[in-house]
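Scroll down for the structure; my scribbles are underneath it.
The values are calculated or read from the model by the stated rules, or taken from the named source; none is laboratory data. Given the structure is predicted, the values throughout are model-derived calculations rather than measurements. Methodologically, a virtual Cβ is constructed for each residue, glycine included, from the backbone with ideal geometry; neighbour enumeration extends over all protein chains shown. Quick note on the areas: whole protein, heavy atoms, side chains included, nothing else; ligands and nucleic acids left out. Shrake-Rupley method; radii C 1.70, N 1.55, O 1.52, S 1.80 Å.
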Amino acid sequence: MKDMYFQPKHTSMSRRSLLLAGLGTAMSVPFLASCAGFDTSGAAAGEGTVGFLSTQFTPVEEKQRYEAVLKKFAKAPVAYNSVDPGVFSSTVSTQASAGNIKTSLLGGLHGELAPLAESLEDVDNLLRDLSGRGFTKEMLELTKVGGSTSRYVPWMQATYVVAVNKKALEWLPPGVDVNDLTYEGYLAWAKAAQQGAGRPVFGMPAGPKGLHHRFYQGFLLPSFTGGQITTFRNEDAVTAWTYMQELWSALTPASTNYDNMQEPLARGEVLVGWDHVARLVNAPANNPEEWLMVPAPRGPKGRGYMLIIAGLALPRNGKDRDLAEKAIRALSEPLSQIETLRSNAFFPVVQTELPSDLTGAIALEAAAVRRQQRSEGALLALPPVGLGAKEGEVSQIFKNCFQQICLENRPIRQVLDAQATQLNTILQGLNVPCWAPDPISTKCEVA
Amino acid sequence: MAVEAPPTHAETLAPPRRRKIPPAILLIAPSVVFMALLLGWPVIQGILQAFRDENGFTLDFVARMVQDPYFWPAVRNTLLLIVVMIPLQFALAIGMALMLRTNPRLHKVHFFVWAIPLALSDLAAGLVWLAIFNDRGYLNSILSWFGIEGGSWLAYDNQASMFMCVLIAELWRATSLVLIIVVAGLQGIPKDYDEAAQVFGATFWQRLRHVTLPLLKPSLQVALILRTILAFQTFAVAQALTGQNFPLVVGETYRWYTGLQNPNVAAALALVILVVSMLTSIFYLRALRDKNQGGLR
């Protein structure tokens, strides 16, 4: 009886829910339609839109900020799709091998584009048109990824600097200039600060995803030895690693957990730290007046510093070639370059004056980057070039040196000899020329 | 009355033609195909990848693996973890299962709560414990609340505390699997045996040692094999807690495959895990073999 009683109500409910469902579907159509521009294959929203697949700006806020830059400056409708480097390389290479290219523009770091050179269009003509932009000679050399023609157009650049919480300045030893640090001065400062604070307050991004290998490759070793690979195990390298061992004893041991320095810096756990500009930018976000950004220290052979460069490339037989080229031209204009710096802290690759109204952290970084690049004895170093998939293994060699020398206190000479053998094994299989600061003409191997 | 086997379809339709493929083979064929495609083929691929480069057979990748400064620490840590963790886990799981058997109040709730970690991804579990053991995590916060200075539990120079943290997190995460198998095994043991032993005046420990545990042996064997093999695969928890400071073999495999992009050395590492897992299973199967059942187990 009860069931009978509820029966009519039940059917009316179902009719109502049917109506609701219909309404819901109707209302969701515009939302679903707007999803059409986004898909993980890197495909464009449709004809006439540049499908831009990139490894940069994966965090959603950065992505949104960069989409705004594109909308304002790209001069062509662009569907920006940012993915992890692994997804990027497999997407590009599988689409190339299937002969079914869904993307029209690719953006990535030099090290990510170089292994894909075979699937990228030559951009020599485009670079000739853009020669007035003022790309540096080193950058243009880099775009050739070891071959004779350029495979990408420089997009933006970054480097590494030292972030200093002004609290640490009270322990700065007399005679040490914070804006012109030497490695000796840096060490003396770290030790004085450790003593003064009662705990180590200098840090390194030596965590599993930290970029500390770039410190040895691009800063420490070039500054002490003048090279990166050829001088890997000479006497100067032993001096450099002896220095590193001593420096490590004055750094906070929690460094092996830091993937980027901005978090421990912002927490006050660390007061002075070296890292990639994009991994430092949030430390002074709330109180820029309490922070300094300074160039990395200089050593006996100069101020070694590493340049990270990102490029824009055209996939071979990609879609909407004209539009993609138009977007590249637009993105290398000074205004869009500066807007990228403002929004996402990547520096311009073209010759341009930086505006004076940059916000706190970025203004600090911009000053430090400029001072580092223009300082006397500046010694440009590049991340390994032309190693393709072996880049990780080569960088791991430098991390192994750190692991064994600083953490396990093994004899330096022995570690360097063993790791040099490993390094040569990898390099012999590759047969690539050396990159800056090593002499570029030779075949790259440890002397 | 003897029951005749029902005539098969083929016989009723076409009696004169003899079937060439016996039904037994047809029955196991899907699983053979499945094993060959989804297990056999990848194993062969893996072996080829570990021992072959473009010039043919090579031991280079195995040499690279062995010379890597993280390899031996990873092997040591993995074995250490297994040796310490498995007995602890079994003691805990058997204890918990016996407690559940006494039907305490809310025993279903207990069981449910104890089984929760089973539903959690191991990376999530690792992150939960990271929030506890971190330098500024819950543990140190609570300690400082009591006026005790906490330590850097996960710092690289604190191998012992790092090991303890991984051990505790893994115990929390993976004991529930053993618990469920043991509870299922206990439910299969008729109460009569225990009651009979009770009648003859056996104490709790005597009953546990001579009645319950021997009858639990098949379940324990399954649980041991599963847990040990899974313990060789411990990865995400240690990765989340310690990064590379406490290397484990599977973590190294992952690092070589993704970070260093060298699938050949990763395959060599994976083979190490495969071989060790197989040896362990064979060892357990032989050591726990039930003498009465001959070669069945």
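Which of (1) more than 14 Å from chain A (Cβ to nearest Cβ); (2) open to solvent by less than 50 Å² (accessible area, probe 1.4 Å); (3) free of Cβ contacts under 8 Å to residues at least 12 places away in the same chain is the odd one out, the single condition B:Ile142 does not satisfy?
Going through the list (1) more than 14 Å from chain A (Cβ to nearest Cβ); (2) open to solvent by less than 50 Å² (accessible area, probe 1.4 Å); (3) free of Cβ contacts under 8 Å to residues at least 12 places away in the same chain, B:Ile142 breaks only (2).
Mind telling me which of the residues B:Leu260, B:Leu269, B:Leu241 ends up being within 12 Å of chain A (Cβ to nearest Cβ), touching an Asp or Glu at 6+ places or on another chain (Cβ under 6 Å) and open to solvent by less than 20 Å² (accessible area, probe 1.4 Å)? Steps first, answer last, please.
On the way: B:Leu269 fails: within 12 Å of chain A (Cβ to nearest Cβ); B:Leu241 fails: touching an Asp or Glu at 6+ places or on another chain (Cβ under 6 Å).
Selected residue: B:Leu260, the only one of B:Leu260, B:Leu269, B:Leu241 that is within 12 Å of chain A (Cβ to nearest Cβ), touching an Asp or Glu at 6+ places or on another chain (Cβ under 6 Å) and open to solvent by less than 20 Å² (accessible area, probe 1.4 Å).
Of all residues in region B:245-257 being of a type in the set (A, V, I, L, M, F, W, C) and outside any helix (DSSP H, G or I), which is nearest to the other protein chains (Cβ to nearest Cβ)?
Kept after step one, since they are of a type in the set (A, V, I, L, M, F, W, C), are these residues of region B:245-257: B:246, B:248-250, B:256.
Going one step further and asking which of them are outside any helix (DSSP H, G or I), we end up with B:246, B:248.
Values: B:Phe246: 11, B:Leu248: 13 Å.
In this case the residue turns out to be B:Phe246.
Looking at the structure I just gave you, is B:Trp205 closer than 30 Å to B:Leu120 by Cβ and either open to solvent by 60 Å² or more (accessible area, probe 1.4 Å) or free of Cβ contacts under 8 Å to residues at least 12 places away in the same chain (or both)?
Details: closer than 30 Å to B:Leu120 by Cβ: no; either open to solvent by 60 Å² or more (accessible area, probe 1.4 Å) or free of Cβ contacts under 8 Å to residues at least 12 places away in the same chain (or both): yes.
No; evaluated as a whole, the condition is false for this residue.
Is one or more of the residues making up region B:39-54 within 14 Å of chain A (Cβ to nearest Cβ) and either within 23 Å of the chain's Cα centre (by Cα) or assigned to a loop (DSSP other than H, G, I, E, B) (or both)?
yes
Looking only at residues in region A:388-405 that are at the interface with another protein chain (Cβ under 10 Å from one of its Cβ atoms) and in contact (Cβ under 8 Å) with a residue 40 or more places away in the chain, which one is most open to solvent (accessible area, probe 1.4 Å)?
Within region A:388-405, the match that is most open to solvent (accessible area, probe 1.4 Å) is A:Lys390.
In region A:246-257, how many residues are open to solvent by less than 20 Å² (accessible area, probe 1.4 Å), within 14 Å of another protein chain (Cβ to nearest Cβ) and in a helix (DSSP H, G or I)? Write out each step before concluding.
If we filter region A:246-257 for residues that are open to solvent by less than 20 Å² (accessible area, probe 1.4 Å), which is where we start, we get A:247-248, A:250-252, A:254-256.
Imposing the further condition that a residue be within 14 Å of another protein chain (Cβ to nearest Cβ) reduces the set to A:248, A:251-252, A:254-256.
Going one step further and asking which of them are in a helix (DSSP H, G or I), we end up with A:248, A:254-256.
Number of matching residues: 4.
Look through A:Arg321, A:Arg370, A:Arg410, A:Arg329 and report the one residue that is over 30 Å from B:Leu260 (Cα atoms), free of Cβ contacts under 8 Å to residues at least 60 places away in the same chain and among the charged types (D, E, K, R). Before you say what the answer is, go through the steps one by one.
On the way: A:Arg321 fails: free of Cβ contacts under 8 Å to residues at least 60 places away in the same chain; A:Arg410 fails: over 30 Å from B:Leu260 (Cα atoms); A:Arg329 fails: free of Cβ contacts under 8 Å to residues at least 60 places away in the same chain.
None of the other options fit; the residue is A:Arg370.
Could you tell me how many of the residues in region B:55-75 are part of a helix (DSSP H, G or I) and more than 14 Å from chain A (Cβ to nearest Cβ)? Full working, then the answer.
Taking region B:55-75 as the starting set, the residues that turn out to be part of a helix (DSSP H, G or I) are B:60-67, B:71-75.
Remaining after also requiring more than 14 Å from chain A (Cβ to nearest Cβ): B:75.
Matching residues across region B:55-75 total 1.
Among the residues of region B:170-182, is there at least one that is open to solvent by 60 Å² or more (accessible area, probe 1.4 Å), more than 14 Å from every other protein chain (Cβ to nearest Cβ) and among the hydrophobic types (A, V, I, L, M, F, W, C)?
Residues of region B:170-182 that are open to solvent by 60 Å² or more (accessible area, probe 1.4 Å), as a first pass: B:172.
Keeping just the survivors that are more than 14 Å from every other protein chain (Cβ to nearest Cβ) gives B:172.
Subset that is among the hydrophobic types (A, V, I, L, M, F, W, C): B:172.
Checked region B:170-182: at least one residue is open to solvent by 60 Å² or more (accessible area, probe 1.4 Å), more than 14 Å from every other protein chain (Cβ to nearest Cβ) and among the hydrophobic types (A, V, I, L, M, F, W, C).
So which of A:Glu365, A:Glu353, A:Glu408 is within 11 Å of another protein chain (Cβ to nearest Cβ) and either surrounded by fewer than 22 Cβ atoms within 10 Å (Cβ to Cβ) or not hydrophobic (A, V, I, L, M, F, W, C) (or both)?
On the way: A:Glu365 fails: within 11 Å of another protein chain (Cβ to nearest Cβ); A:Glu353 fails: within 11 Å of another protein chain (Cβ to nearest Cβ).
Exactly one residue qualifies, and that residue is A:Glu408.
Criterion first (more than 20 Å from A:Asp236 (Cα to Cα), modelled with pLDDT under 80, more than 11 Å from chain B (Cβ to nearest Cβ) and surrounded by 19 or more Cβ atoms within 10 Å (Cβ to Cβ)) does A:Val385 satisfy it? Break it down into steps so the answer makes sense when it comes.
Working: more than 20 Å from A:Asp236 (Cα to Cα): yes; modelled with pLDDT under 80: yes; more than 11 Å from chain B (Cβ to nearest Cβ): yes; surrounded by 19 or more Cβ atoms within 10 Å (Cβ to Cβ): yes.
Taking the combined requirement at face value, the residue satisfies it.
Those residues that are touching a residue at least 12 places away in the same chain (Cβ under 8 Å), of a type in the set (Gly, Ala, Ser) and more than 18 Å from A:Arg370 (Cα to Cα), I need them from region A:132-163; list them, please.
A:Gly146, A:Gly147, A:Ser150
Yes or no, residue by residue, for (1) part of a loop (DSSP other than H, G, I, E, B); (2) in contact with a helix residue (DSSP H, G or I) (Cβ under 8 Å, 6 or more places away or on another chain); (3) at pLDDT 95 or above:
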site	(1), (2), (3)
A:Arg199	yes, no, no
A:Gly218	no, no, no
A:Gln228	yes, yes, no
A:Thr231	yes, yes, no
A:Met244	no, yes, yes
A:Asn260	yes, yes, no
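With the requirement that a residue be assigned to a loop (DSSP other than H, G, I, E, B) and surrounded by 22 or more Cβ atoms within 10 Å (Cβ to Cβ), what does region A:57-68 give you? Lay out the reasoning, then the answer.
Of region A:57-68, the ones assigned to a loop (DSSP other than H, G, I, E, B) are A:57-59.
Of everything in region A:57-68, just one residue is assigned to a loop (DSSP other than H, G, I, E, B) and surrounded by 22 or more Cβ atoms within 10 Å (Cβ to Cβ), namely A:Phe57.
State yes or no: is B:Leu216 away from every other protein chain (no Cβ under 14 Å), open to solvent by 20 Å² or more (accessible area, probe 1.4 Å) and in a helix (DSSP H, G or I)? Before you say what the answer is, go through the steps one by one.
On the way: away from every other protein chain (no Cβ under 14 Å): yes; open to solvent by 20 Å² or more (accessible area, probe 1.4 Å): no; in a helix (DSSP H, G or I): yes.
It is false that B:Leu216 is away from every other protein chain (no Cβ under 14 Å), open to solvent by 20 Å² or more (accessible area, probe 1.4 Å) and in a helix (DSSP H, G or I).
Take the residues of region A:201-216 that are assigned to a helix (DSSP H, G or I) and within 14 Å of another protein chain (Cβ to nearest Cβ): which is nearest to A:Val161 (Cα to Cα)? Give the steps one after another, and end with the answer.
First, pick out the residues of region A:201-216 that are assigned to a helix (DSSP H, G or I): A:212-216.
Subsequent filtering for residues that are within 14 Å of another protein chain (Cβ to nearest Cβ) retains A:212-213.
Details: A:His212: 12, A:His213: 14 Å.
Of everything passing the filter in region A:201-216, A:His212 is nearest to A:Val161 (Cα to Cα).
A:Arg316: away from chain B (no Cβ under 14 Å), out of contact with any helix residue (DSSP H, G or I) (no Cβ under 8 Å at 6 or more places or on another chain), in contact (Cβ under 8 Å) with a residue 24 or more places away in the chain and within 30 Å of A:Leu127 (Cβ to Cβ), yes or no?
Numbers: away from chain B (no Cβ under 14 Å): yes; out of contact with any helix residue (DSSP H, G or I) (no Cβ under 8 Å at 6 or more places or on another chain): no; in contact (Cβ under 8 Å) with a residue 24 or more places away in the chain: yes; within 30 Å of A:Leu127 (Cβ to Cβ): yes.
No, not satisfied.
I need every pair where a residue in region A:119-131 that is farther than 26 Å from A:Ala96 by Cα has its Cβ under 8 Å from the Cβ of a residue that is part of a helix (DSSP H, G or I), sequence separation at least 6 or different chains.
Sorted first by the residue in region A:119-131, then by its partner, the pairs are A:Asp129/A:Arg329; A:Leu130/A:Arg329.
B:Ser281 versus (1) out of contact with any Phe, Trp or Tyr (no Cβ under 8 Å at 6 or more places or on another chain); (2) in a loop (DSSP other than H, G, I, E, B); (3) surrounded by 13 or more Cβ atoms within 10 Å (Cβ to Cβ): which is the lone unmet condition?
B:Ser281 satisfies all of (1) out of contact with any Phe, Trp or Tyr (no Cβ under 8 Å at 6 or more places or on another chain); (2) in a loop (DSSP other than H, G, I, E, B); (3) surrounded by 13 or more Cβ atoms within 10 Å (Cβ to Cβ) except (2).
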